[in-house]
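Q: Submitted below is the structure of interest, expressed as C-alpha cells.
The values are calculated or read from the model by the stated rules, or taken from the named source; none is laboratory data. These numbers come from a predicted model, not from an experiment. For neighbour counting, all protein chains shown are included, and Cβ atoms are generated from backbone atoms with ideal geometry for every residue, glycine included.
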Amino acid sequence: MVFWIFGYGSLVWNPGFQYDEKVIGYVKDYKRVFDLACIDHRGTPEHPARTCTLEYSEGTLCWGAAYCVRGGPEIEAAAMQYLERRECEYDHKITVDFYKEGEDLEPLVTGVIVFMSTPDPIFNKYYLGPAPLDKMAWQIATAIGPCGNNREYLFLLEKAMREIDHEDDYVIELANEVRKVLDIVKGATKDTKLIAAPHVTVKDHIPSLQLLPRQEAVAMDS
C-alpha cells in the first residue's frame, strides 16, 4: 500500500513525517485561503490564529508539494496518525489529481489525499470564513501559540512558495498587510501610544494588539 499527501500550508516546508519522495506540483480547481482557526499550534482558544485551508475555485491552480509514503504498513500508519493529529482542525480528507510541474496533460498521481475544512461553521467549528484583509492581518499579527507566532506561519509560507518558484499573490498581499500592522505597532511603541486592533468579525473575540516575540516553528504545526 502506498499513499500520497498534498501539502499547501506548513507541509510545504515542514512535513514532519517520514516520506520517500517529494514532488513540486499543483491541484486544479482549488485555491489557498486563510479561513481556518488554529487554537493549539499558532493560536489559542482565546485568540485563534488563521491558517490555510482550500476552497473550491473553478479554473484555479494551487501549488504545493506532494509526498509519497511507501515504506510499509507501519511507516504508512505512523505517517497518517501523525497527520491526523497535526491537522485536527480539518474535518475531512478529500482525494484529488496531482500534476507535476511541466507535465500538464496528465496527472502524475490520482487519489492524492488532501486535508481541508468544510466551509461552514455548522459542520466545522474551526472554520472562521473570510474577513476583510486588514482585519485578517490584525488577527494574524497578534496570535501566538505553542508552535510560535501566527505571522511567522504566514511569512514561512510566503518564503516556501517563493523557494519553489510559485509565489501566491494572495499570500503575498496578506503578508504585506501584516507587515503594515507590525510597522504601526513599532511606531506606536516609540511614541508610547496604545493602538487597539479594529473590530474583527469572527466568532472568537480578538484582544487588543500586543507585539509578541517571534519563535521558530517546531515539527507539530498546521
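Q: Pick out the one residue from 157, 133 that is farther than 18 Å from residue 11 by Cα and either aliphatic (A, V, I, L, M) or touching a Cys at 6+ places or on another chain (Cβ under 9 Å) (or both).
A: Within the list 157, 133, the selection yields 133.
Q: Can you give me the number of residues within the range 73-86 that are among the charged types (D, E, K, R) and either surrounded by fewer than 14 Cβ atoms within 10 Å (Cβ to Cβ) or free of Cβ contacts under 8 Å to residues at least 24 places away in the same chain (or both)?
A: 3
Q: May I pose another question? Would it be correct to say that residue 70 is under 16 Å from residue 15 (Cα atoms), of a type in the set (Lys, Arg), in contact (Cβ under 8 Å) with a residue 12 or more places away in the chain and touching an Asp or Glu at 6+ places or on another chain (Cβ under 6 Å)?
A: So residue 70 fits the description; yes.
Q: Looking only at the range 10-30, count how many residues are under 13 Å from the mean Cα position of the chain (by Cα) and either surrounded by fewer than 21 Cβ atoms within 10 Å (Cβ to Cβ) or in a loop (DSSP other than H, G, I, E, B) (or both).
A: 3
Q: Residues in the range 133-154: is at least one within 18 Å of residue 62 (Cα to Cα), among the hydrophobic types (A, V, I, L, M, F, W, C) and at pLDDT 95 or above?
A: Yes, because at least one residue in the range 133-154 is within 18 Å of residue 62 (Cα to Cα), among the hydrophobic types (A, V, I, L, M, F, W, C) and at pLDDT 95 or above.
Q: Scan the range 31-60 for residues that are closer than 23 Å to residue 106 by Cβ and either at pLDDT below 95 or crowded, with 23+ Cβ neighbours inside 10 Å (or both) and jot them down.
A: If the condition is that a residue be closer than 23 Å to residue 106 by Cβ and either at pLDDT below 95 or crowded, with 23+ Cβ neighbours inside 10 Å (or both), then 54 is the only one that fits.
Q: A further question follows. Output the residues belonging to the range 87-123 that are aliphatic (A, V, I, L, M), without any contact (Cβ under 8 Å) to a residue 24 or more places away in the chain and not in a loop (DSSP other than H, G, I, E, B).
A: Residue satisfying the conditions is 94 alone.
Q: Going by the structure shown, is residue 150 touching a helix residue (DSSP H, G or I) at 6+ places or on another chain (Cβ under 7 Å), surrounded by 14 or more Cβ atoms within 10 Å (Cβ to Cβ) and under 21 Å from residue 91 (Cβ atoms)?
A: yes
Q: Could you say which residue among 152, 158 is under 26 Å from residue 185 (Cα atoms) and either touching a residue at least 40 places away in the same chain (Cβ under 8 Å) or of a type in the set (A, V, I, L, M, F, W, C) (or both)?
A: 152
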